[in-house]
Structure formats: C-alpha cells, structure tokens
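See structure below.
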2 protein chains.
Amino acid sequence: MVVRENFDNKLQELEEKMKAMSNLAISSLEMSFEAFKTKDVELALKVIEEDEVVDDLEIEINHFIIWLMAKEQPVARDLRRIIGALKISSEIERIADFGVNIAKSTIKIGNSNSLVEITSLEKMKDISITMLQKGLLSFLNGDITIAKEVGELDDEVDKYSGELYKTITSYLKEHPEETDHLVQLLLINRYLERTADHITNIAESAAYLIKGQMYDLNS
Amino acid sequence: MVVRENFDNKLQELEEKMKAMSNLAISSLEMSFEAFKTKDVELALKVIEEDEVVDDLEIEINHFIIWLMAKEQPVARDLRRIIGALKISSEIERIADFGVNIAKSTIKIGNSNSLVEITSLEKMKDISITMLQKGLLSFLNGDITIAKEVGELDDEVDKYSGELYKTITSYLKEHPEETDHLVQLLLINRYLERTADHITNIAESAAYLIKGQMYDLNS
C-alpha cells in the first residue's frame, strides 16, 4: 500500500501543476481582455511576457509525466489519467497562447476606435473561463456530467461568434476606413471561438478517461 | 532479444500509422487548396467528409499507444519516442483540420471573385507540405538537422503571411464591396500560417526526442 500511496501523491502533485497552469491561462485571458477593453498596451505587453511561465510549466509537466511513467509503469486507469494530463496540459498551453494573440491584436489596434457592437466578445471570454474551470474539474473529479456541460457552453460561444462575425463584416462594408481595426476584432472573435474549442478538447479527454471512449462534444 | 524485436515491430507499426496519417493530412491540404483555386464546392465538401478518417486514425493511434505502454512498459528513449508519437499525431490531426477550414472558406467564397494578388497562398501551402514531410522524417530518423530546416521554412511562411495580410487589408480598404470574399482570404492566410506553426511543433517534438530537451524552433 505504501507504493500506491506514493503514486497517488505523485498524481496529486501532477494535478496541482495542472491547476496552476489552468489558473495562469485564465489570468492570460482575463488580463489580455482587460488590456483590449481599456487599450492598455503596457498590460498587453505584460501578457506576452508572462506567457513564458506557462510554456515552462508545460515543459515541467511533460518531464514530470515521462519521469512518472518510467518510474511507476502505470497501467489501466492510472495510465489513461497520465496520458490525459499530458494532452490537457498541451491544450492549456494553447489557451494561454490565445491570450497572447488577443494581446497582440490589442497592440495593433492601438488607439483606434470603432462604433461596431462587440459586447458579445466579453460574454465569450467569460463563458470560456467557466468552460476551462469546468473542463479541468470534470477531468480531476471524473465527472461526465460536467464534461457534457462544457460541450453545451461551446455551442453558446459558437453562436455568439457566428453572429458577431456577421455584425463585424456588415459594419466593415460600410466603414472600409476602419479595416485594420475591424480585422483585428474579427481575429479576436476567432481566437475566443478557438479557445472554447480547445477547452472542449479538455472535456473530451476527461470523458475519455471516465468512459474509456472518445466523445465528440463539438457536435 | 525476442522481446526487443517484438517491441521494435510494434514501434514500426506505430510509425506506419503516423505516416499514413501524415499522408492524409497532406491530401487534405492539397485537395482543399485545389478546391479553393478552382472554386470546386463538391471537392471542398469531400475534404470535409474525409476528415473523419483522420480523426479515426488519431483515436486508433491513441489506443495503440496506451496499449503499447501498458504492455511493454517502455523507459528512456523508447518512452520518449512513444510520447512524441502521441503528441505528433495530435498535431497532424489539427493540420488536417486546417484543410477542412480552407474547404469551408472555399464554400463561403462560392462563385465570388476578387482581383487581389494572392499567389503567395499557394507557396505557403507548398512550403507547409514540405515542412510536414521533413518534420515527420526528422522524428522517424532522429535527424536534428532536418528539424532545424523546418524552423527555417516556418520563418518563410510567416514572411509570406505577414506580407499577404498587408496586401489583402490594403485592397479591402479600396474594395469594401468584396468584404465577405476578402475576409475568407485573410482566414485562409491565417490557416496556412497556423498549419506551419503546428508542423514546427512536430519538429520540436522530434528535437526533444533526439536531444532530450525542448527547442523553440519558432523563435
């Protein structure tokens, strides 16, 4: 039993690292969106700089997993759990990258202004953060109900994104002088839609761990 | 030695599956680009349909890897190789998804026309395919020189993409009536740039296997 206890401790250590990484990704999204809303280029630059911490943590998690596998030779559910952690940490790294993308768009937007209606971007950001919290929780707790909720929230984000795409492109036709600004808004819309997709992948990894089969929660 | 031989056979089986998956991704990019160039909506729909084969192959590879790990309990370089295969198959699946994205843009473009100069899109597609072939080869052969070449080719794609972004947005300012069409071209430009990024991740996984440390070939 000491062996098992030791392994469980290591698994818990791994899960703590994943939680830390998820919190960093949430902070990247929150900070980059704040920078976008307030046109705060300094804050946007900070998001870009701090992304290195997420990248380093992903590498650390990869090393930890390879070490843990070699040392403990896990099988069955333990093995699926560790493979899941590996896949999920790679998704979280990409989610933080979308924060960086939003920050870069913020810098390109600079001080330019537009009257196009984009309040749904903030809703998409908020839903994405809820999704990330739920996605990780469904993995950590092995809760399939929460994993399915993530899929439903992704549908909401897709709906907002599709509507906003139409709003921005219609507005662009009337205001070609705002092209540079509006194209960045189209990109931010896409980044948030993609963020939600990557989080849905996390929920799918959770579902795979729980049920032992793949789900397509995007459909 | 029989045990080792058996394991090597399994590894080879895994690598054959990865090659098959890579060929499917290349075919997705080639076909979707052909559909885009010739405005062939039927062909675009075929790309979207056939993506399921890539998704299924990724799931098959995942199952195979989990089975192989549980059965053979690999360590050291063998373990890194299998983890690399897991990560790379997930990148290849996403590369095929960009083919699907190009196909979807093709359908949205429909029969509309534009005179904007976009010949560099085809160059980006061709370079990406070369990159994918080299990226997989660097992993399979453990060749760090080829992995570094992938990083250099990614710089070329980034350069084309940056220039084309400027070309299309400048043209858009003068031709707002072409907004729908041009926004899809901007998206295709981005898909190809992202395709090359994901392939660079493959080369980074190869470099990690070879040298035992992470490289950032994007920088």
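So in region B:112-123, with the set limited to residues that are assigned to a helix (DSSP H, G or I) and touching a residue at least 24 places away in the same chain (Cβ under 8 Å), which one is nearest to B:TYR208 (Cα to Cα)?
If we take residues in region B:112-123 being assigned to a helix (DSSP H, G or I) and touching a residue at least 24 places away in the same chain (Cβ under 8 Å), then B:LYS123 is nearest to B:TYR208 (Cα to Cα).
Any residue in region B:153-180 that is more than 10 Å from every other protein chain (Cβ to nearest Cβ) sitting within a Cβ distance under 9 Å of a residue that is at pLDDT below 95 and buried (at least 16 other Cβ atoms within 10 Å of the Cβ)? List the pairs, counting only those 6 or more apart or interchain.
Partner pairs satisfying both residue conditions: B:ASP154/B:LEU217.
Could you say which residue among A:LEU172, A:LEU209 is assigned to a helix (DSSP H, G or I), aliphatic (A, V, I, L, M) and either surrounded by fewer than 18 Cβ atoms within 10 Å (Cβ to Cβ) or at pLDDT 95 or above (or both)?
Exactly one of A:LEU172, A:LEU209 is assigned to a helix (DSSP H, G or I), aliphatic (A, V, I, L, M) and either surrounded by fewer than 18 Cβ atoms within 10 Å (Cβ to Cβ) or at pLDDT 95 or above (or both), namely A:LEU172.
Helices (runs of 4 or more DSSP H) wholly in region A:1-111 with at least 2 residues that are free of Cβ contacts under 8 Å to residues at least 60 places away in the same chain and within 30 Å of A:GLU177 (Cα to Cα) - which ones?
Because the criterion is at least 2 residues that are free of Cβ contacts under 8 Å to residues at least 60 places away in the same chain and within 30 Å of A:GLU177 (Cα to Cα), the helices (runs of 4 or more DSSP H) in region A:1-111 that meet it are A:2-38, A:41-72.
Could you please find all residues in region B:186-200 being more than 9 Å from chain A (Cβ to nearest Cβ) and out of contact with any Leu (no Cβ under 8 Å at 6 or more places or on another chain)?
If the condition is that a residue be more than 9 Å from chain A (Cβ to nearest Cβ) and out of contact with any Leu (no Cβ under 8 Å at 6 or more places or on another chain), then B:TYR191, B:GLU193, B:ARG194, B:ASP197, B:HIS198 are the ones that fit.
If you go through region B:103-160, how many residues are among the polar types (S, T, N, Q), crowded, with 20+ Cβ neighbours inside 10 Å and within 15 Å of the chain's Cα centre (by Cα)?
2
Please determine, by comparing only the residues of region B:83-115 that are within 24 Å of B:ASP197 (Cβ to Cβ) and among the β-branched types (Val, Ile, Thr), which one is modelled with the lowest pLDDT. Explain how you work it out, then say what you get.
First, the residues of region B:83-115 that are within 24 Å of B:ASP197 (Cβ to Cβ): B:83-106, B:108-109.
Now restrict to residues that are among the β-branched types (Val, Ile, Thr): B:83, B:88, B:92, B:95, B:100, B:102, B:106, B:109.
Details: B:ILE83: 93, B:ILE88: 97, B:ILE92: 98, B:ILE95: 97, B:VAL100: 98, B:ILE102: 98, B:THR106: 98, B:ILE109: 98.
Result: B:ILE83.
Considering only region A:26-36, I want to know if a residue exists there that is under 21 Å from A:SER138 (Cα atoms), touching a helix residue (DSSP H, G or I) at 6+ places or on another chain (Cβ under 6 Å) and modelled with pLDDT of 95 or more.
Initial filter on region A:26-36 (under 21 Å from A:SER138 (Cα atoms)): A:26-27, A:29.
From what's left, touching a helix residue (DSSP H, G or I) at 6+ places or on another chain (Cβ under 6 Å): A:26, A:29.
Adding the requirement that they be modelled with pLDDT of 95 or more leaves A:26, A:29.
Within region A:26-36, one or more residues are under 21 Å from A:SER138 (Cα atoms), touching a helix residue (DSSP H, G or I) at 6+ places or on another chain (Cβ under 6 Å) and modelled with pLDDT of 95 or more.
The values are calculated or read from the model by the stated rules, or taken from the named source; none is laboratory data. The shown structure was predicted, so the numbers you read here are calculated from the model rather than taken from an experiment. Here Cβ is always computed from backbone atoms with ideal geometry, including for glycine, and neighbour counts include all displayed protein chains.
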